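Every read-out reported here was derived from the displayed coordinates using simple, explicitly stated rules and does not represent laboratory data. Nothing here was measured: the structure is a model prediction, and the numbers come from that model. Cβ coordinates were reconstructed from backbone atoms using ideal geometry, including for glycine residues, and neighbour counts include every protein chain displayed.
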Amino acid sequence: MIFKDGQMAGFALPKTLDDFTADWMQQALRTHAPAARVHAAKPTLVIQGTGTKMLMEIVAEGGTPDRPLPASVCVKGAYSPNSEYLMPRGRYINEAVFYKSLQPELGMRCPQAFFAEFDASGQSVIVMEDLTLRDIHFNLATETVAIDAVRSGLRQLAKIHAKWWNGAFLDTIASLGPALPGGGHEARQREPATWAKIMTLPRAAQLPVFARDVARMGAALDRLRQSHLTEPFCLLHGDPHIGNTYIDEEGALGFYDWQTLARGSWAHDVNYLVGSTLSIDDRRHCERDLLQDYLTELHALGGPAIALQTAWEDYILHDAYGLFFWTVNPVEMQSEENNIAVAERFAAAAADHDCLGALGV
């Protein structure tokens, strides 16, 4: 892992998708099963996004009962058109850090990783299980999730939050930044001309008046960011919205896409999961109950005992994050249909909770 005091020994990572050969896959899988032998590796599907995902069929032997080898894997790495820009900024390292060094201690409900590594250039490669081989439902932004599944997801988040609560260990991970960094994308979306264009999109038609005011929305984010500077921090998934979750064979919610691993307030993850996954009516009916369940689990796992009312006052402030970013999402990142669905949920939550009033803007 790249810590602030040095770098780990490098592993030769493929420079292009064509370099994912049977020989390379054998070398990678031997970090999981030392006797692994890979006779063939064939790409079957490539999905481009911020990171590239490639499904590969493999013919392999040499696994053991406790470390079996799969017939198909999902390879994820920095091979998209914008990777060259993002790699030096450490955008991809977090996910490899999570699967290589953090997940083994956490036991989160997420894809199994057979290999995870990165190098000094900022490239990372994770060879993980192909979830399409299981009876998995990948949640879509236009859908909503059942209350009990969201409850199971919150209990998973309590695991990662409690493990290193206010822990100095998190300061040693060089790639780990704040959940609300500011600048960059946020600053561009707050520019008057950009905001005006966003307000002409179909998603804007459903927004309440306060959510159309860029000055108030920007001030709300600034206040929220300031609150993160004074609160206890923990390790966060960072981006646990509905589109980064799935429902497994047991009906429980799991998480994938750990690229935005961050440090910050527990309420960031909790609000973002609840607000993006539940229908508006379900959220109104059960969110206090879900919050109390999360707090109970957090304390049981070694985290602090936080009173429900204290937690509620923090939780509602974070509506501002989900509302802003699902209002400004470029259609290159999320379809307009997705933006309409999730922005509506966060707009309703922010209105129900008087989020901006609670933030004093």
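General remarks:
- Restriction of the trypsin sites (Lys or Arg not before Pro) in region 121-179 to DSSP coil positions whose beta-carbon has at most 12 other beta-carbons within 10 angstrom yields Arg134.
- Burial ordering of Arg216, Arg91, fewest other beta-carbon atoms within 10 Å first: Arg216, Arg91
- Projected label points at Gln112 and Ala252, each 7 Å from Cα along the beta carbon direction, are separated by 1.5 nanometres.
- The packing ranking, built from the mean of other Cβ atoms within 10 Å per residue, places the peptides 290-302, 136-148, 187-199, 118-130 in the order 118-130, 290-302, 136-148, 187-199, highest first.
- Compared with the direct C-alpha span, the chain from Asn166 to Gln206 gains 10.5 nm at full extension, assuming 0.36 nm per residue.
- Between Ala174 and Ile136, the C-beta separation translates, for a Förster distance of 41 Å, into a calculated FRET efficiency of about 0.80.
- Full extension of the chain between Gln27 and Leu301 gives 95.0 nm of extra length, using 0.36 nm per residue less the Cα-Cα distance.
- Calculated mean residue ellipticity at 222 nm for the chain: -11500 deg cm²/dmol, from DSSP H runs with n ≥ 4 weighted as -39500 (n - 2.57), summed, divided by the residue count and rounded to 500.
- For the chain: rounded, prolate or oblate by the Cα gyration tensor [a/c cutoff 1.5]: prolate
- 4 °C / 1.567 mPa s Stokes-Einstein diffusion coefficient of region 125-170, Kirkwood radius on C-alpha pairs, µm²/s: 94
- Highest-fluctuation residue, Glu249, Glu287, Glu61 considered, GNM on the chain with Cα pairs under 10 Å: Glu249
- Rounded tilt (10° steps) of 319-328 against the dominant C-alpha axis of the chain: 70
- In region 197-342, the alpha-carbon atoms span a convex hull of 135 Å³ per residue.
- Here region 190-230 is assigned +1 on the Cβ of each Lys and Arg and -1 on the Cβ of each Asp and Glu. Its dipole about the Cα centre then comes out at about 60 debye.
- Local electrostatic count, Leu273, Cβ distance below 14 Å [Lys/Arg +1, Asp/Glu -1]: -3
- Take every DSSP beta bridge whose two residues both sit in the chain; close to 95 percent of them are antiparallel.
- Note on Leu308 and Glu61: the extension gain reaches 83.7 nm, defined as 0.36 nm multiplied by sequence separation minus the Cα-Cα distance.
- Separation of region 229-281 from region 165-186 is 16 Å, based on Cα centroids.
- Cβ-defined net charge surrounding Cys234, 12 Å radius [Lys, Arg +1; Asp, Glu -1]: +1
- Max mean-square fluctuation residue, GNM over the chain, Cα-Cα springs under 10 Å, options Asn339, Asn82, Asn271: Asn82
- With a threshold of 28 Å on the Cα-Cα distance, the over-threshold entries among Lys100/Lys159; Lys15/Lys163; Lys15/Lys197; Lys53/Lys197; Lys53/Lys100; Lys42/Lys159 are Lys15/Lys163; Lys15/Lys197; Lys53/Lys197; Lys42/Lys159.
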